[in-house]
């Protein structure tokens, strides 16, 4: 009887762990090595990013990543996706399988798969082309969920941001809510009845998702709910929308402070207790589109007056006089060698090694 009782307790414990994990269980997807097939297209590249044409003349690169093979991936808001292998740039558009040329997010998962979020949904690299990945939920799981505040994705659902957590789960911030992928199936984060959503949040229109060092997951939302945090059990609104407004990016610095690139209320900072709005007292109050920290712990972001960085004591703003070429630079990437990459309108792309700016786009 004792042995049977022990087995029952173990079964109950395992069931509780699985439920508590919500989106935090790991099942890796093993796909073929795409890099070998990518190299076959080496003759199709260009040494610099070409000028965009016609209606895309003011397109801009919003962000970038560097994959484990050293390739750079840059997403634009109308001119598709570019891969740079250190020698040439290769463009991916709807002709190469993307469901839209308006790119909102890119990640490389732990298995080496490249995921791209666009205005029309989710894509994944398969060989040298992309395939559209529909976010389809488990219907049976929805039937057994008693959560009335459920998120169900539409056919065309913009994927604004993506993040893979320490368990291997990929999180997607979309117009229709937050969804998770465990390597096998998609689930709606708020569809899980074990998530305590005490503020009745919808988490729709999520522009940034960040897992911080203590394991908490933060969400920045653009439609009126502000910034929220999930501690593994409870989802809580931390910064009301009226204080922070639309937030495009969250980062955590080396000192565990959170920094927010907001669209209309300046750069914000949260020290774990207090949120400070417009910490650099930007008179324009137009905020920033992106923000990142370099290897020297400087915080970089775009301002109306030029490219800004904060060294922990002083705010510096670089203009054309300091060699930035243009004023409207946006930080897009810190690469593995410690170089910073910046973009501006017209698909301009520059690399900064700490001393000079190198141009990677056609004049």
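Annotations
- For the range 130-151, a tally of residues being in a loop (DSSP other than H, G, I, E, B) and at pLDDT 85 or above returns 3.
- Among the residues of the range 223-244, those that are buried (at least 21 other Cβ atoms within 10 Å of the Cβ) and part of a loop (DSSP other than H, G, I, E, B) comprise 225, 226.
- The range 313-331 residues that are farther than 16 Å from residue 355 by Cβ, paired with ones that are at pLDDT below 70 (beta carbon under 9 Å, 6 or more apart): 326/320; 327/320
- Looking only at residues in the range 70-89 that are touching a residue at least 40 places away in the same chain (Cβ under 8 Å) and surrounded by fewer than 19 Cβ atoms within 10 Å (Cβ to Cβ), the one that is nearest to residue 171 (Cα to Cα) is 70.
- Restricting attention to the range 276-289, the residues that are within 15 Å of residue 332 (Cα to Cα) and either buried (at least 21 other Cβ atoms within 10 Å of the Cβ) or free of Cβ contacts under 8 Å to residues at least 24 places away in the same chain (or both) total 1.
- Condition check for residue 104 on (1) loosely packed, with under 11 Cβ neighbours inside 10 Å; (2) modelled with pLDDT of 90 or more; (3) closer than 30 Å to residue 234 by Cα: one failure, at (1).
- The listed residues are 254, 273, 265, and the only one of them that is touching a residue at least 12 places away in the same chain (Cβ under 8 Å), part of a loop (DSSP other than H, G, I, E, B) and surrounded by fewer than 16 Cβ atoms within 10 Å (Cβ to Cβ) turns out to be 254.
- In the range 204-222, the qualifying residues are those that are assigned to a loop (DSSP other than H, G, I, E, B) and in contact with a strand residue (DSSP E or B) (Cβ under 7 Å, 6 or more places away or on another chain), and the one that is farthest from residue 174 (Cα to Cα) is 213.
- Residue within the range 307-330 that is at pLDDT below 95, within 27 Å of residue 103 (Cα to Cα), crowded, with 20+ Cβ neighbours inside 10 Å and within 18 Å of the chain's Cα centre (by Cα) present: yes
- Selection status of residue 74, in contact with a helix residue (DSSP H, G or I) (Cβ under 6 Å, 6 or more places away or on another chain) and within 24 Å of residue 112 (Cβ to Cβ): no
- Summed over the range 335-350, the residues that are modelled with pLDDT of 95 or more and surrounded by fewer than 18 Cβ atoms within 10 Å (Cβ to Cβ) give a count of 5.
- Of all residues in the range 168-203, those satisfying the criterion of being closer than 26 Å to residue 256 by Cα and assigned to a loop (DSSP other than H, G, I, E, B) are 168, 169, 195, 198, 199, 201, 203.
- Residue match in the range 295-307 (condition: touching a residue at least 24 places away in the same chain (Cβ under 8 Å), part of a loop (DSSP other than H, G, I, E, B) and over 21 Å from residue 246 (Cα atoms)): yes
The values are calculated or read from the model by the stated rules, or taken from the named source; none is laboratory data. Remember, it's a predicted structure, so these values are computed and weren't measured experimentally. All Cβ positions, glycine included, derive from the backbone under ideal geometry; neighbour counts span all protein chains shown.
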